[in-house]
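Worksheet: the structure to be examined is printed underneath.
Read-outs throughout are calculated quantities, based only on the coordinates presented, and are distinct from any laboratory measurement. Bear in mind that the values here come from a model prediction, so they are computed numbers and not experimental data. Here the Cβ positions follow ideal geometry from the backbone for every residue, glycine too, while neighbour counts run over all protein chains shown.
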Amino acid sequence: MARLGSWIAPFSEGIYVKPADAWIDPSRPKPRALVTHGHGDHARSGHEAVWATRETLAIMDCRYGPQPGKPVDYGETFRLGEVDIRFVPAGHVLGSAQIVLEHKGERIVVSGDYKRRPDPTCAPFEPVPCDVFITEATFGLPVFRHPATVEEIDRLLRLHDNPDRCILVGAYALGKAQRLIAELRCRGHHDPIYIHGALERLCDLYEELGVPLGELRPATGASKDELKGRIVLAPPSALNDLWSRRLPDPITAMASGWMRVRQRAKQRNVELPLVISDHADWDELTATIEEIAPGEVWVTHGREEALVHWAETRGIKARALQLTGREEEEGE
Ligand SMILES: [Zn+2]
Ligand SMILES: [Zn+2]
């Protein structure tokens with residue numbers, strides 16, 4: 001019998017699906033690209049044709065200008081070459097998908113980035129049984145166990161009681177910022193939230209695509225007095241730059257899975273690290289593999305070795321895939 005998954009090939013620039021003559025999340029321009037989600041390390045411009053969910057295509061249009069998009073609905077099966085292809089929700093950011101590939105009776109699932117926790121801004125991850133599960137492992141070490149999201153949101157809201165200071169929260173422009181806003185709304189915070197200009201377009205797009213975010217106001221141009229006692233969101237790069245000096249005595253926070261690592265919080269002078277991640281933590285990665293029970297696990301996108309070892313000790317064949325160009329993770 002042929003080796004499992006012999007019809008797809010991992011290259012440094014992405015995964016090539018031979019019988020479909022298509023690439024998954026290629027980092028270089030290709031004739032046919034299947035794109036899991038809109039983050040910059042997965043979705044690039046310059047392809048001749050892009051299959052992705054409508055939301056992901058809208059995000060790509062917003063970031064790169066009009067794309068040669070082939071919109072795909074979740075659950076819809078289409079055929080490219082000799083491969084049946086289906087996108088199912090990955091629970092990572094709006095529009096994010098796992099890609100299910102079927103060829104000659106064998107099923108491969110490429111998770112893309114994913115998480116298992118509820119996220120008010122996107123459809124939940126859907127486990128699909130398969131022969132080969134290609135999983136991300138951004139937080140693939142046992143030390144990474146993300147706390148409950150409500151605990152982190154409540155820590156933020158407790159600090160927010162100070163009427164003279166504002167809280168400046170660093171959050172990536174796609175996914176994290178909108179999720180943070182939506183989680184704050186779920187916890188009953190309905191005050192206007194002030195946002196940095198770099199977050200405006202994607203927040204508007206989320207609203208257009210049916211994700212309500214409540215009242216958002218531009219932070220640029222607002223007076224110091226107006227910003228007192230407010231929550232202000234900015235991309236992480238703005239936390240320590242000149243822009244933040246306009247804010248009234250800001251308490252600096254940042255929302256990222258990496259905030260679990262004290263050193264990372266220190267580097268950005270973050271006083272309030274919020275461990276809010278859009279990736280599965282160690283327990284979710286291992287529970288997902290147990291639930292899917294694939295014939296083989298291929299691990300990519302992070303700390304592969306620990307998860308490969310974990311799978312092998314449980315009798316699941318596993319290998320690490322070295323894809324490059326994934327270092328600049330923007331949506332942790
Ligand atoms: Zn991502
Ligand atoms: Zn990623």
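Laid out as a table, the results:
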quantity: Proximal lysines relative to K30, as straight alpha-carbon distance under 17 Å, when same-chain residues fewer than 8 apart are discounted; calculated: K18, K70
quantity: Per-residue Cβ neighbour rank within 10 angstrom, fewest leading, I181, I15, I316; calculated: I316, I15, I181
quantity: Fewest-first sequence of R262, R230, R117 by Cβ atoms within 10 Å of each Cβ; calculated: R262, R117, R230
quantity: Where only alpha carbons of region 1-154 are counted, the Rg and the Dmax (Å); calculated: 15.7, 54
quantity: Amide hydrogen neighbours beyond the local backbone of I251, cut-off 5 Å, H modeled; calculated: C166, I167, L168
quantity: Gyration tensor (Cα) of region 99-243, equivalent ellipsoid semi-axes in angstrom; calculated: 35, 17, 14
quantity: Choice from A173, A222, A33 with maximal GNM fluctuation in the chain (Cα, 10 Å cutoff); calculated: A222
quantity: Radius of gyration, Dmax [the chain; alpha carbons; angstrom]; calculated: 20.3, 71
quantity: Region 3-111 - charge dipole about Cα centre, Lys and Arg +1 at Cβ, Asp and Glu -1, debye rounded to 20; calculated: 180 debye
quantity: For region 199-329, fraction of C-alpha pairs farther apart than 21 Å, in %; calculated: 60 percent
quantity: Among S223, P147, A137 - extreme Cα towards positive end, dipole of region 121-250, charges at beta-carbon; calculated: S223
quantity: Computed over region 101-189: relative contact order in percent, which uses C-alpha pairs under 8 Å that are six or more apart; calculated: 29 percent
quantity: Computed FRET value (nearest 0.05) for A2 with D164, which takes r as the C-beta separation and R₀ as 56 Å; calculated: 0.25
quantity: Folded to 0 to 90 degrees: helix 54-64 orientation relative to the chain principal axis, Cα; calculated: 60 degrees
quantity: Sorted by Cβ density within 10 Å, fewest first, the residues I99, I85; calculated: I85, I99
quantity: Distance between modelled label sites at E151 and S45, nm, 7 Å Cα→Cβ extension; calculated: 4.2 nm
quantity: Given charges at Cβ of Lys, Arg, Asp, Glu: region 1-141 dipole, positive-most of P124, L94, F11; calculated: F11
quantity: Extension gain (nm, one decimal) between N269 and R246, 0.36 nm per residue minus Cα-Cα; calculated: 6.6 nm
quantity: Cleavage-rule hits (GluC sites (Glu not before Pro)) in region 248-331: DSSP loop, at most 15 neighbouring Cβ within 10 angstrom; calculated: E271, E327, E328
quantity: DSSP bridge pairs, the chain: antiparallel proportion in percent, nearest 5; calculated: 35 percent
quantity: Spin-label model distance (nm) - E207 vs A320, 7 Å beyond Cα toward Cβ; calculated: 4.5 nm
quantity: Net dipole in debye of region 146-294 [+1 Lys, Arg Cβ; -1 Asp, Glu Cβ; about Cα centre; nearest 20]; calculated: 700 debye
quantity: Listed residues K224, K18, K104, most fluctuating in the chain (Gaussian network, C-alpha, under 10 Å); calculated: K104
quantity: Total charge dipole magnitude, region 112-159, about the Cα centre, Cβ charges on Lys, Arg, Asp, Glu only, Debye to nearest 20; calculated: 240 debye
quantity: Within a Gaussian network of the chain (alpha carbon springs, distance under 10 Å), most fluctuating of L34, L272, L307; calculated: L272
quantity: For region 165-307: relative contact order, % (alpha-carbon pairs under 8 angstrom, 6 or more apart); calculated: 28 percent
quantity: Cα centroid of region 115-164 to Cα centroid of region 257-312, whole Å; calculated: 10 Å
quantity: Within straight-line cross-link reach of K104, aspartates and glutamates at Cα separation under 14 Å, skipping those fewer than 8 residues along the same chain; calculated: E82, D84, D131
quantity: Segment V143-R217, length gained on full extension (0.36 nm per residue, minus Cα span); calculated: 22.9 nm
quantity: Length-normalised contact order of region 227-297 in % [C-alpha pairs under 8 Å, at least 6 apart]; calculated: 24 percent
